[in-house]
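Engineer: This is the structure I want to talk about, given as structure tokens.
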Amino acid sequence: MTDPIPVGVDDRLALRFAELQSAKESAAKWNAYVKSLTASILEDLGYDPGDDRPPSRVAQDADGKPLFAVEVSYRKGFDKGSLATKYPAVYAEFETLTPVKSLKPADPA
């Protein structure tokens, strides 16, 4: 990795970066709350986190009117760690490096 290039910025950009950091912190708290609330609702509906074939369900009010549905779908994926361990040469051949730009506080020098 190369050394970062110093760039002078004005106060407006520094304030926008501070706002970004604050928004990231808020988003992380809300995302954690959403995950916790979702898990709690699913548990109340009788879902077991270890069940790999759960049924879809519809939550109804006392009159039988549908309130919300729990739709179960499946996503395909790969265990990259296992692939890299079992087939390192093949994994290395197809591994790609894509630049990812992220904003984070600079280390004080």
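The values are calculated or read from the model by the stated rules, or taken from the named source; none is laboratory data. None of the values given here were measured: they were computed from a predicted structure. FYI the Cβ positions are ideal-geometry reconstructions off the backbone, even for glycines, and counts take in every protein chain you see. Side chains are part of the model used for accessible areas, which takes the heavy atoms of the whole protein and leaves out ligands, DNA and RNA. Shrake-Rupley method; radii C 1.70, N 1.55, O 1.52, S 1.80 Å.
Engineer: Tell me, yes or no, whether region 10-26 has at least one residue that is open to solvent by less than 90 Å² (accessible area, probe 1.4 Å), among the acidic types (Asp, Glu) and under 30 Å from ASP107 (Cα atoms).
Structural biologist: The first filter runs over region 10-26 and keeps only residues open to solvent by less than 90 Å² (accessible area, probe 1.4 Å), leaving 10, 13-14, 17-18, 20-23, 26.
Subset that is among the acidic types (Asp, Glu): 10.
If we keep only those that are under 30 Å from ASP107 (Cα atoms) too, we end up with 10.
Yes, region 10-26 has at least one match.
Engineer: Out of region 62-76, which residues are touching a residue at least 24 places away in the same chain (Cβ under 8 Å) and open to solvent by 100 Å² or more (accessible area, probe 1.4 Å)?
Structural biologist: If we filter region 62-76 for residues that are touching a residue at least 24 places away in the same chain (Cβ under 8 Å), which is where we start, we get 70.
Residues satisfying the conditions do not exist here.
Engineer: Among the residues of region 77-109, what is the count of those that are open to solvent by less than 100 Å² (accessible area, probe 1.4 Å) and under 17 Å from THR2 (Cα atoms)? Show your work before the answer.
Structural biologist: Our first condition is that a residue be open to solvent by less than 100 Å² (accessible area, probe 1.4 Å); within region 77-109, this holds for 77, 79, 81-84, 88-92, 102, 105-106.
Now drop any that are not under 17 Å from THR2 (Cα atoms), which leaves 102, 106.
Adding up the residues that qualify gives 2.
Engineer: Given the criteria over 18 Å from the mean Cα position of the chain (by Cα) and surrounded by 10 or more Cβ atoms within 10 Å (Cβ to Cβ), does ILE41 qualify?
Structural biologist: yes
Engineer: Does SER40 satisfy the criteria of being within 30 Å of THR98 (Cβ to Cβ), part of a helix (DSSP H, G or I) and not acidic (Asp, Glu)?
Structural biologist: Judged against the criteria, SER40 is not a match.
Engineer: On the given criteria, is GLU19 closer than 30 Å to ASP3 by Cβ, part of a helix (DSSP H, G or I) and free of Cβ contacts under 8 Å to residues at least 40 places away in the same chain?
Structural biologist: In short, yes.
Engineer: Moving on. Working only within region 44-61, note down all residues that are of a type outside the set (Val, Ile, Thr) and either in a strand (DSSP E or B) or open to solvent by 90 Å² or more (accessible area, probe 1.4 Å) (or both).
Structural biologist: We begin by selecting, within region 44-61, every residue of a type outside the set (Val, Ile, Thr); these are 44-57, 59-61.
Listed by number, the residues that qualify are ASP44, ASP48, PRO49, ASP52, ARG53, ARG57, ALA59, GLN60.
Engineer: From the set of residues in region 67-93 that are among the hydrophobic types (A, V, I, L, M, F, W, C) and over 26 Å from the mean Cα position of the chain (by Cα), which is nearest to THR38 (Cα to Cα)? First the steps, then the outcome.
Structural biologist: Here is the first cut: in region 67-93, the residues among the hydrophobic types (A, V, I, L, M, F, W, C) are 67-70, 72, 78, 83-84, 89-90, 92.
Still in the running and over 26 Å from the mean Cα position of the chain (by Cα): 67, 89-90.
Working: LEU67: 15, ALA89: 41, VAL90: 39 Å.
Ranking the qualifying residues of region 67-93, first place goes to LEU67.
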